[in-house]
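Scroll down for the structure; my scribbles are underneath it.
The values are calculated or read from the model by the stated rules, or taken from the named source; none is laboratory data. Nothing here was measured: the structure is a model prediction, and the numbers come from that model. All Cβ positions, even for glycine, are placed from backbone atoms using ideal geometry, and neighbour counts span all protein chains on display. Protein only, heavy atoms only, side chains kept; ligands, DNA and RNA dropped before computing areas. Shrake-Rupley method; radii C 1.70, N 1.55, O 1.52, S 1.80 Å.
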Amino acid sequence: MLSYVAARILACVPVLVGVTLAVFSLLFLIPGDPVKMMLAEFVTSPEQVARMRSQLHLDEPILVQYGRFVGHALVGDLGTSIRSRRPVAQEIAENLGSTAVLATASMAVAVVLGVSLGLVAALFRNSWLDVLAMLVALLGVSMPSFWLGLLLILGFSLHIGWFPATGGGDLRHLVMPALTLGLIASAIIARLTRSSLLEVLGQDYVRTARAKGLAGWNVVVQHSLANALIPIVTIFGLQFGNLLAGAVIVETVFSRPGLGRLLVGGILNKDFPLIQGTILFVATAYVLINLVVDLAYAVLDPRIRLR
Amino acid sequence: MDRARARRPGIAALSVLGGLVWAVLLVGPGGFLPGRAEGADPTPGGTLVIALDQEPPTLDPHASPSAVTYQIIASVTESLLYHGRDGKLVPWLAESWTPSPDGRSFTFKLRRDVKFHDGTPFNAAAVKFNFDRIVDPNYKAGGSRAQLAGYAESTVLDEYTVRVSFQGPNAPFVTYAAAGTLSLVSPKAVKELGDQFHTQPVGTGPFMVKEYVAKDRATTVRNPAYTRKAPWSDRAGPAYLDAIVWKFVPEAGTRVTTIESGETQGIYLVPAQALPRLEKDSNFRVEKMPWPGAPRIWMLNVTKAPLDDLRVRQAINYAVDKEAFLATVYKGTAVRAAAPLTAVMLDEPAVRQAYPFDPAKAKALLGEAGWQPGADGIRQKAGQRLELVLNAIEYGGGADPTAQLIQASLRDVGIDLKIKAQARPPFYEDNYRCSTHGPVMFFRATDPDALFSLFHSSLVGQNFNWACYKSAKADQLLEQGRREADPAKRRAVYVQLTRLLLDDAASVPLVDELAVWAFRSSVQGTKYNFNAYPVLSDAHLIRR
């Protein structure tokens with residue numbers, strides 16, 4: 001088990017190095033001079049451009065710049081935002097909570113809804129329930145989140161008036177954004193649960209369990225669902241990335257504070273330290289969550305840790 | 001209210017529940033309980049919730065490069081002078097101002113009854129502190145820095161008299177002294193609050209910043225100590241509203257929904273699609289304020305063939321169908337532009353009539369210039385097709401929609417316009433190098449000296465003479481405009497200059513854009529300054 005954990009953790013290192021390289025090169029991959037781009041809307045003198053260049057250390061050799069970038073990132077210093085003039089780490093910390101709450105709530109919606117739909121579809125395979133559940137899932141997969149968000153606003157804010165269309169804060173503000181993200185993520189989970197469960201339900205040991213006279217529900221939940229979970233857990237980790245990407249749109253549609261809004265604002269304002277810092281943070285979080293998922297396999301399936 | 005119409009029989013039960021929620025919402029923040037019937041004296045009280053299209057980068061008036069800052073703080077911080085909707089400058093924190101004979105310095109006599117929100121007295125030393133702060137190389141100034149260009153020093157002559165001096169004649173300074181960018185903040189608060197000042201600016205105005213929640217809202221509250229008469233108002237005393245909540249709602253559709261549902265009572269930047277709906281509905285009032293400065297304008301690069309031929313540039317001015325822009329894209333959010341300054345900057349009838357839409361005249365001019373119709377509908381001269389490259393910023397969803405409309409207009413007279421939609425850095429580089437046939441751009445400014453940035457020969461290769469236009473006559477007029485202190489004579493200079501620029505066809509003025517606000521009709525008394533920013537001390541809520 002220990003060697004499995006160690007191997008998984010070690011495997012993260014090159015990924016993270018790759019992430020820092022990609023984020024760092026962002027500044028050099030865009031066409032043109034980043035400093036001029038950042039100052040584009042101001043009337044600037046050459047001295048101001050030079051001062052900005054040296055403040056961002058862009059006048060140093062590239063390797064030194066990369067070293068500085070990684071060194072500072074390791075101690076949590078992600079630079080200073082050009083627009084707000086505040087530390088990027090502080091900006092991220094302030095927005096993290098809101099996005100974490102949104103991600104957790106929408107993941108809960110996705111898992112509860114997705115697994116139930118998948119379960120129903122698998123158990124009543126080829127019946128109208130199956131067709132209905134998969135139709136819902138298909139709708140979810142095909143629905144752009146900004147559109148679903150606007151529809152929910154139209155229905156629940158304008159016509160019924162249950163939830164406010166904008167803002168962060170209490171539970172009332174959370175419902176619609178979480179539903180938007182969760183409904184979309186649930187679709188994939190539902191389809192996967194269905195196929196994975198169908199495969200397991202066809203296995204010999206399930207027939208044996210039934211032959212022993214175990215109750216139907218017991219067979220499904222204890223013997224089948226547990227074994228069908230591995231691919232679902234995998235998709236859970238991957239979906240987390242989608243949730244963060246979705247947060248970019250959903251937070252904008254619902255005017256909700258969060259990392260997505262932070263990133264969009266950074267991109268629109270050409271605030272490079274902010275863009276780099278946020279992407280680095282999100283990418284690292286994504287890697288770490290998938291590490292947790294890898295470790296969860298081992299708990300769910302003893303064969304993996306013994307291999 | 002209008003909620004009733006939204007009900008459908010199938011969801012009657014839901015609507016009853018929704019109604020309860022509404023009842024709760026209406027008395028909560030953003031509700032409009034206080035106030036009496038229309039026509040009566042406004043009753044003070046209530047909170048106005050306004051949704052803006054973006055979050056300000058900072059609320060510090062000296063640090064911001066962005067209009068949204070001044071939309072929020074236009075009645076929080078005050079300036080030496082006030083620039084009204086009629087274009088006139090009147091006293092505000094200064095009682096009077098006198099330019100020196102050489103036009104290099106300005107002496108302001110200040111009011112003696114003004115205190116900042118934190119109790120710090122407003123005086124000459126405070127003015128000096130503010131202007132010195134903006135030019136401090138260690139301070140990251142925003143738009144304010146350009147408006148103090150050439151600043152030499154401020155001298156405290158006595159406690160309530162200050163002289164602001166420049167390295168050269170600077171007639172535009174009195175206009176900028178009335179702008180939000182040069183509004184005055186508490187020196188004590190600047191020193192004590194440090195970085196926090198970005199979200200808590202301390203001014204002298206009828207509203208004070210109370211709270212700032214990043215990515216969500218800023219709240220300004222009534223300054224009870226405000227006993228003066230604001231220059232836009234006809235009464236003395238504090239603001240009517242208890243508070244204004246400025247919500248940041250970037251998605252246009254969401255913004256419109258919030259005002260329709262009553263979650264907000266005002267929105268800025270009404271999208272063109274929703275404008276007819278709100279205008280037709282008596283529950284709302286749409287207010288359109290023309291932006292000062294240059295219109296949306298195509299700077300014609302006069303150095304690049306075939307635009308080095310005046311007849312071709314004039315032909316383009318006749319060929320572009322501006323009414324089509326208004327009908328298809330702007331739909332009531334803009335008016336036809338006629339000059340490199342918007343109508344609110346320079347309303348001169350002779351100028352407004354320049355270059356009517358006249359494709360026949362355009363074709364004749366092109367023919368005169370030697371460009372004859374070719375087989376594919378595009379004109380040719382000596383085997384060369386009449387092709388132009390328009391420089392444009394790629395916004396993700398494509399270039400500025402005006403670019404496509406120009407393309408269609410020009411095709412009708414036989415010009416093939418290619419749109420070079422690109423990211424900002426190469427867009428700027430191309431402008432600096434004069435390598436395309438010019439960009440479509442806009443420029444916001446309150447003084448006609450804006451034309452200096454756009455057309456002075458010293459600014460070719462920099463911001464923003466992207467017409468690459470060099471004219472000794474225009475330079476001379478631009479410099480004269482900076483020297484001339486007398487408003488009438490100054491206006492004459494800019495009229496003459498504008499006619500020269502139009503005769504030289506150095507640009508194609510496209511549309512004068514409007515700042516479009518919408519309010520629920522329960523909100524009354526909204527006013528705006530020359531900058532098209534709202535000043536809301538007379539705003540109040542009525543019950544209907």
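Summary table below
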| quantity | calculated |
| --- | --- |
| Meets criteria (open to solvent by less than 10 Å² (accessible area, probe 1.4 Å), within 14 Å of chain B (Cβ to nearest Cβ) and either in contact (Cβ under 8 Å) with a residue 24 or more places away in the chain or among the hydrophobic types (A, V, I, L, M, F, W, C) (or both)) for residue A:175 | no |
| Residues located in the range A:226-275, provided they are within 14 Å of another protein chain (Cβ to nearest Cβ), open to solvent by 40 Å² or more (accessible area, probe 1.4 Å) and touching a residue at least 24 places away in the same chain (Cβ under 8 Å) | A:249, A:269 |
| Residue check for residue B:245: open to solvent by less than 50 Å² (accessible area, probe 1.4 Å), at pLDDT 95 or above, within 22 Å of the chain's Cα centre (by Cα) and within 13 Å of chain A (Cβ to nearest Cβ) | yes |
| Options B:140, B:128, B:109, B:115: the member that is within 14 Å of another protein chain (Cβ to nearest Cβ) and more than 21 Å from residue B:450 (Cα to Cα) | B:140 |
| Considering residues of the range A:93-106 that are within 15 Å of residue A:175 (Cβ to Cβ) and surrounded by fewer than 21 Cβ atoms within 10 Å (Cβ to Cβ) only, the residue nearest to the other protein chains (Cβ to nearest Cβ) | A:101 |
| Residues of the range A:266-305 satisfying the condition of being on the phi < 0 side of the Ramachandran plot and outside any helix (DSSP H, G or I) | A:269, A:271, A:301 |
| The range B:261-276, subset open to solvent by less than 30 Å² (accessible area, probe 1.4 Å), within 19 Å of residue B:333 (Cβ to Cβ) and in contact (Cβ under 8 Å) with a residue 60 or more places away in the chain, residue nearest to the chain's Cα centre (by Cα) | B:268 |
| Residue B:90 being under 24 Å from the mean Cα position of the chain (by Cα), part of a strand (DSSP E or B) and within 21 Å of residue B:227 (Cβ to Cβ) | yes |
| Pairs where the first residue, in the range A:55-84, is more than 28 Å from residue B:198 (Cβ to Cβ) and the second is part of a helix (DSSP H, G or I), C-beta under 6 Å, 6+ apart | A:66/A:24; A:70/A:20 |
| Residue match in the range B:212-219 (condition: open to solvent by less than 20 Å² (accessible area, probe 1.4 Å), touching a residue at least 40 places away in the same chain (Cβ under 8 Å), farther than 22 Å from residue A:161 by Cβ and of a type outside the set (Lys, Arg)) | yes |
| Test: residue in the range B:504-515 that is without any contact (Cβ under 8 Å) to a residue 60 or more places away in the chain, open to solvent by 30 Å² or more (accessible area, probe 1.4 Å), among the charged types (D, E, K, R) and not in a strand (DSSP E or B) | no |
| Residue identified as open to solvent by 10 Å² or more (accessible area, probe 1.4 Å), within 12 Å of another protein chain (Cβ to nearest Cβ) and either under 28 Å from residue A:266 (Cα atoms) or not small (Gly, Ala, Ser) (or both) among B:53, B:86 | B:53 |
| Filter result for residue B:439 (under 26 Å from residue A:29 (Cβ atoms), within 14 Å of chain A (Cβ to nearest Cβ), touching a residue at least 12 places away in the same chain (Cβ under 8 Å) and open to solvent by less than 10 Å² (accessible area, probe 1.4 Å)) | yes |
| The range B:306-351 - residue that is aromatic (Phe, Trp, Tyr) and more than 18 Å from the chain's Cα centre (by Cα) and, of those, most open to solvent (accessible area, probe 1.4 Å) | B:318 |
| The range B:519-544, residues that are among the small types (Gly, Ala, Ser) and within 14 Å of the chain's Cα centre (by Cα) | B:532 |
| Residue check for residue A:220: within 14 Å of chain B (Cβ to nearest Cβ) and surrounded by 19 or more Cβ atoms within 10 Å (Cβ to Cβ) | no |
| Among the residues listed as B:369, B:362, the single one being modelled with pLDDT of 95 or more, closer than 30 Å to residue B:331 by Cβ, open to solvent by less than 20 Å² (accessible area, probe 1.4 Å) and away from chain A (no Cβ under 14 Å) | B:362 |
| Subset of the range A:9-34 [part of a helix (DSSP H, G or I) and β-branched (Val, Ile, Thr)] | A:9, A:13, A:15, A:17, A:19, A:20, A:23 |
| In the range B:295-305, the residues that are surrounded by fewer than 22 Cβ atoms within 10 Å (Cβ to Cβ) and not basic (Lys, Arg) | B:303, B:305 |
| Those strands (runs of 3 or more DSSP E) lying entirely in the range B:373-432 with at least 2 residues open to solvent by 60 Å² or more (accessible area, probe 1.4 Å) | B:379-381, B:416-422 |
| Residue within the range B:175-186 that is within 14 Å of chain A (Cβ to nearest Cβ), over 28 Å from residue B:237 (Cβ atoms) and at pLDDT below 95 present | no |
| Qualifying positions in the range B:196-210 - of a type outside the set (Gly, Ala, Ser) and surrounded by 14 or more Cβ atoms within 10 Å (Cβ to Cβ) | B:197, B:198, B:199, B:200, B:201, B:202, B:204, B:206, B:207, B:208, B:209, B:210 |
| Which numbered condition residue B:467 misses (of (1) under 30 Å from residue B:284 (Cα atoms); (2) part of a loop (DSSP other than H, G, I, E, B); (3) open to solvent by less than 10 Å² (accessible area, probe 1.4 Å)) | (1) |
| Every residue from the range A:121-150 that is of a type outside the set (S, T, N, Q), open to solvent by less than 80 Å² (accessible area, probe 1.4 Å) and either within 13 Å of chain B (Cβ to nearest Cβ) or not in a helix (DSSP H, G or I) (or both) | A:143, A:144, A:148, A:149, A:150 |
| Odd one out for residue B:462, checked against (1) surrounded by fewer than 19 Cβ atoms within 10 Å (Cβ to Cβ); (2) touching a residue at least 60 places away in the same chain (Cβ under 8 Å) | (2) |
| Any chance residue B:525 is of a type outside the set (A, V, I, L, M), within 22 Å of residue B:291 (Cα to Cα) and surrounded by fewer than 21 Cβ atoms within 10 Å (Cβ to Cβ) | yes |
| Unmet criterion (only one of (1) touching a Lys or Arg at 6+ places or on another chain (Cβ under 9 Å); (2) open to solvent by 30 Å² or more (accessible area, probe 1.4 Å); (3) farther than 30 Å from residue B:253 by Cα) for residue A:191 | (1) |
| Enumeration of residues in the range A:51-90 that are loosely packed, with under 15 Cβ neighbours inside 10 Å and assigned to a loop (DSSP other than H, G, I, E, B) | A:57, A:59, A:60, A:61, A:75, A:76, A:85 |
